Amino acid sequence: MIEIHQLGKSFAGQRLFQSIDLEVARGEAVALIGPSGSGKSTLLRCINGLETFDSGHIVVDGVTLQPGDGSAQREAVRKIRRQVGMVFQQFNLFPHLTVLDNITLAPQRVLGVPRAVAAEQARQLLERVHLSHRIDRYPEQLSGGEQQRVAIARALAMKPQAMLFDEPTSALDPERVGEVLRVIAELVDDGMTTVIATHEMDFAAEVATRVAVLDAGNIVEVGPPDHIFRNPTQERTRAFLKRVLRRHAPSAAELVDPNALPADSASSSLPPAVQ
Amino acid sequence: MGQASGRRWTALLRILWVALAALLFGSAARAETSTLDQIKQRGTLRWGADREGGAPYVFPDPATPDRSIGFEVDLAAALARELGVKAEMAQNAWDALIPALERGDFDLALNGIEVTPVRQQRVLFSRPYYVYAEQLVVRSDEQRINGMADLKGKKVGTLSGAVAQAMLEQIGGVEVKTYAGQGEPYQDLALRRIDAVLMDVPIAAYYAKPNAKLRYVGEAVGEGLYAIALRKNDLALQQAVDGALERLLRSGELKRIYEKWDLWDARQDKLLAALPAATAATGPASAPATAPAVSKAGTATLEQSRAAPLISFMPTLLRGAGVTLLISTTSMVLAIVLGLVLALMRAYGSRPLRGLATGYIEVYRGTPLLIQLFILYYGLPNLGLTLTSLVAAWLGLGMNYAAYEAEIYRAGLSAVPRGQLEAALSLGMTRAQGLRRIVLPQAFRIALPGITNDFIALFKDSSLVSIIALVELTKAYNMLASSTLRFFELGIVVAVMYFAMSYPLSLLARRLERSLQGGRR
């Protein structure tokens with residue numbers, strides 16, 4: 001579904017990616033983990049053309065995206081964006097539109113769906129993210145978690161083949177993280193191809209089919225969560241996990257319990273000198 | 001005679017202030033030492049005139065523009081010499097010469113001021129120093145106009161506030177186009193924007209006579225007198241000035257000055273005829289301001305307008321307000337649309353487009369609106385493009401304000417987070433759709449207070465277009481006030497009219513802001 005081949009990218013003289021290879025099969029959920037600044041967000045943004053790259057290529061659902069930003073690339077990006085939805089860390093809901101209009105705008109303008117049909121579809125999507133009662137509100141009237149769930153519904157309204165989540169819970173209050181992760185987990189359960197950049201190790205362990213560890217612009221290790229969290233082969237993976245996790249193997253029970261969410265555990269696992 | 005001041009808006013402020021000062025303090029307060037004594041002590045005669053009024057009265061020397069020349073400069077010098085002092089000119093907008101005189105800015109006003117009953121109520125006039133008349137001028141190939149009687153239904157240009165304007169209005173059915181400057185009416189005549197020009201003989205002699213495209217029609221009509229205006233209580237100065245003028249007339253020096261400027265004609269013999277038979281000093285009672293041949297048509301109109309109730313000025317003022325409203329709203333629409341295009345070019349365009357937009361904005365912001373209007377209206381005809389005054393005003397104001405709108409939009413655009421456009425793009429929208437549906441609505445809400453502000457500023461700046469022969473509210477005020485000298489009451493009326501138009505606009509904008517904001521509450 002999504003193939004990244006030998007992706008290289010520099011920015012302002014800095015080498016961001018050396019050569020990244022990653023394949024995401026249909027129905028698979030891949031979690032990108034790694035320290036801040038390791039390139040997780042940038043990699044996601046390269047997939048749907050919000051960032052350009054310098055070498056290698058990306059194939060999404062048969063559409064090949066080459067380096068640069070010429071007209072061929074723009075055409076490829078346009079096709080890819082039709083197939084791939086994206087959810088941002090800062091939600092990026094449209095503040096001047098209601099929840100309903102946030103969701104129906106793109107289907108109407110891009111796909112030409114009649115308003116009534118788009119609205120009906122929006123109602124179903126809001127039900128799916130448990131927000132039917134918020135349909136006529138404006139974004140700033142919603143909590144962060146609610147906004148992010150609307151953003152997910154907005155992306156789903158385009159009926160994407162795959163979803164990209166760019167640290168979807170990083171801007172949320174800890175008590176709001178669970179509701180958003182639950183919606184994402186449900187999507188993955190329904191078979192949505194998903195790539196998620198996240199700091200939620202418990203969630204990655206629970207939901208992802210595979211976990212990719214990024215460090216300094218390279219994928220240092222890819223594998224099933226069990227393998228990555230219990231038996232990491234790379235020293236850099238171990239170092240990273242040691243920093244963010246108290247224990248290696250989180251249990252499924254901890255995911256359901258909001259108090260055990262890694263937002264807390266991550267900070268409390270920092271060495272005293274850093275705290 | 002009128003004035004070519006491109007500074008009417010500052011003149012207006014000044015007029016209001018002067019009128020207020022005159023009202024509050026009166027002119028009698030300064031009678032302690034007579035002006036004549038002050039002149040002698042000072043050793044200079046300060047005379048007020050507007051060098052922008054134009055040739056041949058007082059105007060910048062083409063060779064050294066800092067220096068003023070003109071027949072009135074020569075006259076003032078001779079006059080000062082007769083009084084045993086030196087002449088010193090004080091620049092003042094022609095419209096405001098009398099209020100400034102009353103305020104004490106100078107000793108006397110000497111600048112083609114026609115003797116009219118209205119003015120006689122306000123100032124003391126010296127013996128007349130010139131007998132003027134109005135000369136009708138048409139294009140050389142003009143067939144239809146052979147005299148004043150043929151002017152009905154024609155467009156005729158003249159100076160704002162001059163006696164000729166009143167004469168034209170007296171005829172009835174004449175479309176009178178008034179100008180602030182003296183050269184412009186003849187230029188418009190040559191450009192076929194108007195059909196004829198009626199102005200004082202000295203002006204015609206200087207501007208129209210040498211122009212091969214124009215010709216005189218018949219004899220000059222409607223004789224009147226130029227005299228020196230003095231403060232009401234300066235009787236001693238009046239006596240001295242009259243004595244000096246008499247000596248200049250008798251010695252033939254005045255005639256030589258006029259001959260130098262090609263202004264001497266048979267009419268001037270009346271100046272000599274009006275001199276007293278004896279050489280006895282001319283008393284104030286025999287002030288020759290009541291001398292013959294003041295244009296009857298003009299004075300009748302002026303006298304009526306002076307006594308008229310304020311309501312009688314309303315049609316003129318309302319018409320002016322209508323023009324103001326029309327120009328400001330159409331210009332604002334142009335400014336908003338063009339400004340948006342410029343802002344988008346600057347924010348999202350390719351490099352050449354960005355450069356073009358930046359250049360436009362910098363040039364339009366960096367040059368005065370007045371110059372832009374002059375170029376559009378008086379300059380473009382040189383390139384074969386003759387715009388009507390309404391179109392020139394619309395383009396001038398609209399294109400100027402577009403530069404400011406563009407900057408306001410740019411601030412609005414850059415205040416919308418990048419993530420907004422990225423979200424739109426990631427949903428499959430094109431860049432254009434994202435801008436139109438997502439970024440612009442948010443930018444507009446941020447920019448709205450600035451846009452409102454600019455509209456109100458444009459609304460008031462619209463008074464500038466009076467320099468391209470449009471009678472909007474300020475111009476209407478100027479015309480009425482300078483002919484009736486009712487600067488104060490008319491000023492208040494006009495200020496109220498401006499406010500009555502701009503305040504609802506503020507309210508409307510505030511409501512719009514609230515409703516845009518309210519959508520999010």
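Here, each number is a calculation from the coordinates, and none is a lab measurement. Fair warning: this is a prediction, and the values are worked out from it, not measured in the lab. Methodologically, a virtual Cβ is constructed for each residue, glycine included, from the backbone with ideal geometry; neighbour enumeration extends over all protein chains shown.
Overview of results
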| item | result |
| --- | --- |
| Peptides ranked, highest mean first, by Cβ atoms within 10 Å: ranges B:432-440, B:88-96 | B:88-96, B:432-440 |
| Average beta-carbon neighbours from other chains, 10 Å sphere, peptide A:151-162 | 1 |
| Neighbour-count order for B:414, B:466, fewest beta carbons within 10 angstrom listed first | B:414, B:466 |
| Percent RCO, i.e. relative contact order, over chain A, from Cα pairs under 8 Å lying at least 6 residues apart | 23 |
| Protection proxy ranking, peptides A:189-201, B:212-224, average beta carbon neighbours within 10 Å, highest first | A:189-201, B:212-224 |
| Members of B:154/B:260; B:209/B:460; B:152/B:213 lying beyond 30 Å, as alpha-carbon distances in this model show | B:154/B:260; B:209/B:460 |
| Environment charge at residue B:201 (Cβ cut-off 14 Å; Lys +1, Arg +1, Asp -1, Glu -1) | -4 |
| Translational D in µm²/s for segment B:396-453 (Stokes-Einstein at 10 °C, 1.306 mPa s, Kirkwood Rh from C-alpha pairs) | 132 |
| Residue mean of other protein chain beta carbons inside 10 Å, B:427-440 | 5 |
| Peptide A:83-90 - average C-beta neighbours from other chains (10 Å radius) | 3 |
| Per-residue Cβ neighbour rank within 10 angstrom, fewest leading, A:96, A:133 | A:133, A:96 |
| Leading residue at positive end of dipole, the protein assembly as shown (Cβ point charges), from B:318, B:60, B:202 | B:202 |
| Length gained when the stretch residue B:143-residue B:383 is fully extended (0.36 nm per residue, less Cα-Cα span) | 83.7 nm |
| Highest to lowest packing among B:311-317, A:202-208, scored as the average C-beta count within 10 Å | A:202-208, B:311-317 |
| Student exercise, segment B:130-226 dipole from Lys, Arg, Asp, Glu Cβ charges, in Debye to nearest 20 | 340 |
